[in-house]
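The structure under discussion is supplied below as structure tokens; questions concerning it will follow.
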Amino acid sequence: MSAAATAGTYSPASAAGEKRRERKEELRRHLAEDADWPRADGRSFHDCRPAFMQTGPTTAASGSAYAEFGKTKVIVSVFGPRESKKAMLYSDTGRLNCNVSYTTFATPIRGQGTDNKEYSAMLHKALEGAVMLHTFPKTTVDVFALVLESGGSDLPIIISCASLALADAGIMMYDLVTSVSVSCFGKNIIIDPTSDEEAWQDGSLMVAYMPARKEITQLTLTGEWSDGKITNAVELCMDACSKLCDILRERLKDASSLAE
Amino acid sequence: MESRKPPPSALVDNHVVPGDVVLDLTEMTNQTIKLGAGLRQDCDTIQATSAGRLRLSKPNKYWVESSQKRYIPSVEDTVLGVVVDTKPDNFLVDIKGPNLAFLPVLAFEGGTRRNIPKFEIGTLIYARVVKANSIMNPELSCMDATGKAAEFGQLKDGYMFDTSTGLSRMLLSSPTCPVLEALGKKLSFEIAVGLNGRVWVNAPSPSNVIVVSNAIIKSESLSGIGQRSMVESLLERLS
């Protein structure tokens, strides 16, 4: 009885693993050819994933936002401004405290979230240039990002979602921050890569950008890039950021008209 | 993407978000303008720094009106605070702001060292913001400008609930908010609204308190007509 039950047990992990291996083999073949190839989700190289964004999912927070880009799902909550802990030294500018965490089920292999400390520091760097810290001295604004499902390009989505949450919380900002990443595959540059594409990239570039001020708050570059390719990639990211900013604006306008 | 530079006051009563250029100063010669909350000057432009509706108070005062869960103290605002600690010289009061507010023990009508009020922790107080500075803790007073107690002081009994700052402004707006007008015609109740997003309701019967509270909470996302019809349906169920 028990032997039969064991034999009939279905393991979704192994089936998913086989599918992933097949996709990676296919990707490897395309990379060897170094020609145009169809992406797994049917997008062209310069197409972003469909984006869904919403404000106010967390009622307890001062401001919050939810973002869904393809399979990547992120929720960001903003608390404050609230009084800094007594242990902290006096500061005539406010503090921005950022924390990125992953749910245990966010990645295909359970509990294998990316380095949260590194992402937290990068989120802080991307946002601190946009937040008017001098408007809330002696106080702290806490930004908590939780990745519900990791489907690639996690950090850019976290940054864009955090920017929306900060605006929802009424924190004074110079401009909204939007972020997009691109991956380099041989001669090709693909925008908004999925986790499978990120696993096989030659290099990646992420830009956090303030469209109204035309300022880059963060630029992260990894892997092998030529000068010309970097210029093209940055321009591509900035253009995508401007379009993403329009979505953020619409969401904020919807939220404030709903409040009235 | 070019930054749009609208003519003066083109965005008034429209929604703006951080980074939006709301005024181009190069097109406004020999004009003095006053900037309120949510706006800043950046070279020859006025930009929004928070999301909300751009408002204009004639002739020249601009600000962004938004609804938030947190409250930024401002002088002369009336607020509902909760006593969280008592010190010899003042009470520490939570007003939903970034810092706790001070309420001096002498900031009451006829306040002297001999008749210091005794408030327990958790007492609800209706007060006025006297000092508001981003660097210092705000200071409250339970007297009006003439030194009279007026409506300020401890609020006993009743029920207090939190709302957004936008809803509390709507409840205090003139002419009277439709939801309060509709409720006032049928029910007798007392209400105190703080600009910090707290509302206190008291009525002879608990059922009235519940009806009034629910009506106010639901009214945030409704139009004037919607508010009246919602109140009517609530009162029908009550009778």
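None of the figures in this text is laboratory data; all of them are computed from the coordinates on show. Since the structure is predicted, the reported quantities are computational estimates derived from the model, not experimental observations. Cβ sites come from the backbone with ideal geometry, for glycine too, and all protein chains shown count toward neighbours.
Report, for the protein assembly as shown, the % of DSSP beta bridges that are antiparallel, rounded to 5.
Expressed as a percentage, antiparallel bridges in the protein assembly as shown total about 90.
For the pairs B:LYS34/B:LYS131; B:LYS34/B:LYS69; A:LYS214/B:LYS96, note any where the Cα-Cα span goes beyond 30 Å. Can you show the working numbers first?
Details: B:LYS34/B:LYS131 21 Å; B:LYS34/B:LYS69 26 Å; A:LYS214/B:LYS96 35 Å.
Beyond 30 Å: A:LYS214/B:LYS96.
Counting only other residues whose beta carbon sits under 14 Å from that of B:LYS156, what net charge do I get with K and R as +1, D and E as -1?
Once all neighbours under 14 Å are counted, the net charge is -3.
Counting only residues 5 or more places away or on other chains, whose amide H sits under 5 Å from the amide H of B:THR86 once H atoms are built in the peptide plane?
B:LEU92
With only Lys, Arg, Asp and Glu charged, each at its Cβ (+1 for the first two, -1 for the last two), find how big the charge dipole of the range A:41-259 is about the Cα centre; round to the nearest 20 debye.
660 debye
Where the only charges are on Cβ atoms (+1 Lys, Arg; -1 Asp, Glu), what is the dipole of the range B:50-141 about its Cα centre, to the nearest 20 debye?
320 debye
Once you sort the root eigenvalues of the Cα gyration tensor of chain B as a ≥ b ≥ c, which label holds: rounded (a/c under 1.5), prolate (a/b larger than b/c) or oblate (the other case)? Spell out each step's value before the answer.
On the way: a/c = 2.55, a/b = 1.31, b/c = 1.95.
Since a/c reaches 1.5 but b/c is at least a/b, the shape of chain B is classed as oblate.
Taking the Cα centre of the range B:92-174 as origin and charging only Cβ (+1 Lys, Arg; -1 Asp, Glu), how large is the dipole, in debye to the nearest 20?
Values: 9 positive and 8 negative charges, 44 e Å.
Computed about the Cα centre, the dipole is about 220 debye.
With n ≥ 4 as the cut-off for DSSP H runs, can you work out [θ] at 222 nm for the protein assembly as shown, using -39500 (n - 2.57) per run divided by the number of residues, rounded to the nearest 500?
About -9000 deg cm²/dmol.
So, one more: Taking the alpha-carbon distance from A:LYS229 and a cut-off under 17 Å, which aspartates and glutamates remain once sequence neighbours fewer than 8 residues away in the same chain are dropped?
Answer for A:LYS229, where 17 Å is the Cα cut-off: A:ASP34, A:ASP36, A:ASP192, A:ASP202, A:ASP239, listed by chain and number.
Note down the net charge around B:SER141, summing +1 for each Lys or Arg and -1 for each Asp or Glu among other residues with Cβ under 12 Å from its Cβ.
Values: positive: B:ARG128, B:LYS131, B:LYS148; negative: B:GLU76, B:ASP77, B:GLU109, B:GLU139, B:ASP144.
Summing Lys/Arg as +1 and Asp/Glu as -1 gives -2.
With a 10 Å Cβ neighbour count serving as the proxy for reagent exposure, in which order, fewest first, do A:PHE185, A:PHE105 appear?
Ordered from fewest to most neighbouring Cβ atoms within 10 Å, A:PHE185, A:PHE105 come out as A:PHE105, A:PHE185.
To make sure I understand the rule: partners must be aspartates and glutamates, Cα under 17 Å from the Cα of A:LYS138, and not fewer than 8 residues away in the same chain. Which ones qualify?
Qualifying aspartates and glutamates at Cα under 17 Å: A:GLU83, A:ASP92, A:GLU128, B:ASP94, B:GLU139.
What is the local net charge at B:VAL209, summed over the other residues whose Cβ is closer than 12 Å to its Cβ (Lys, Arg +1; Asp, Glu -1)?
My count for the surroundings of B:VAL209 gives -2.
Sticking with this structure for a sec: Compute the Cα gyration tensor for the range B:15-65, then decide on rounded, prolate or oblate, letting a ≥ b ≥ c be the square roots of its eigenvalues: rounded whenever a/c is under 1.5, prolate when a/b is larger than b/c in the other cases, and oblate in all that remain. Can you show the working numbers first?
On the way: a/c = 2.18, a/b = 1.29, b/c = 1.69.
In terms of gyration-tensor shape, oblate.
For the pair A:HIS134 and A:GLU198, how long in nm is the line joining their label points, each one 7 Å along Cα→Cβ?
The two pseudo-label positions are separated by 3.6 nm.
Continuing with this model, one more query. Amide H of A:SER91: which non-local residues (sequence gap of 5 or more, or other chain) have their own amide H closer than 5 Å, using H built in the peptide plane?
Under 5 Å from the amide H of A:SER91: A:LYS138.
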